[in-house]
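After the structure tokens below, expect a handful of questions from me.
Here, each number is a calculation from the coordinates, and none is a lab measurement. Every value quoted in this text rests on a predicted model; they were computed, and no experiment measured them. Virtual Cβ from ideal backbone geometry, glycine too; neighbours counted across all protein chains shown.
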Amino acid sequence: MARGRAGARRLARLRSPGKRLQEWTSVILCIILITVDFLLLLIHFSANHLYKIIAGIVAGIITADFASGMVHWGADTWGSVDIPVIGKAFIRPFREHHIDPTAITRHDFIETNGDNCLITIILLAFMLYKFLSQTPGWLNYPLDRIGFWRKIL
């Protein structure tokens, strides 16, 4: 077991300050996007769509479980920690977990959730884009109130 912990410590030392910055940035952006998307969902809520919401929740749980399992399997199976950027940033945590399964219990919130937030940002940004692009004209009234249209003519 001591040899396993030494290996886990070696993998843990491969973390860089750039990786920490990526984790912080991902968590902050994710929190912002979750908040904005949630507010937009509340604004556009309709009880008529309740069955779609329930189906979406169930499909989301199944998809998230399957996708996270595939990512975990892929990181365990392919590549190495020596691959530039991807190895140290994304494969290393999976390998560390297998050498020392309790290592994650010693990580803080940012390290534990940074990469999950990175992936989530893509989906949340797409959701925000869909909200903003499928409700055209929502900005017309505020722009008209500040005289924007008259000033650019």
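Calculate, for VAL71 and ILE152, the FRET efficiency according to 1/(1 + (r/R0)^6) with r their C-beta to C-beta distance and R0 35 Å; round to the nearest 0.05.
0.15
Karplus couplings for the range 128-133 from phi (6.51 cos²θ - 1.76 cosθ + 1.60, θ = phi - 60°), rounded to Hz, Gly and Pro as x?
Couplings: 5, 4, 4, 4, 6, 8 Hz.
In addition: Is there a quick way to get the dipole size of the chain? I mean about its Cα centre, with the Cβ of Lys and Arg at +1 and of Asp and Glu at -1; what is the value in debye to the nearest 20?
460 debye
Which loop chymotrypsin sites (Phe, Trp or Tyr not before Pro) in the range 47-134, with loop taken from DSSP, have no more than 12 other Cβ atoms within 10 angstrom of their Cβ?
TRP78
Another question about this same structure. With θ taken as phi - 60° and the coefficients 6.51, -1.76 and 1.60, list the Karplus ³J(HN,Hα) couplings across the range 44-57 in order, rounded to whole Hz; mark glycine and proline as x.
In residue order, the calculated couplings are 9, 5, 9, 4, 5, 9, 4, 5, 5, 5, 5, 4, x, 5 Hz.
Extending each Cα 7 Å along its Cβ direction at ALA59 and SER80, get the distance between those two points in nm, one decimal.
Output for this residue pair reads 4.2 nm.
What is the calculated FRET efficiency for HIS49 to ASN113, with r their C-beta to C-beta distance and R₀ = 22 Å, to the nearest 0.05?
0.15
What is the extension gain from LEU41 to THR105, computed as 0.36 nm multiplied by their sequence separation minus the C-alpha to C-alpha distance, in nm to one decimal?
Going from the current span to full extension adds 19.7 nm.
Moving to a separate point now. Can you sort SER68, SER133 from fewest to most other Cβ atoms within 10 Å of each residue's own Cβ?
SER133, SER68
Per DSSP H run of at least 4 residues, take -39500 (n - 2.57); add these up for the chain, divide by its residues and hand me the 222 nm value, nearest 500 deg cm²/dmol.
Roughly -24000 deg cm²/dmol at 222 nm, from the helical runs in the chain.
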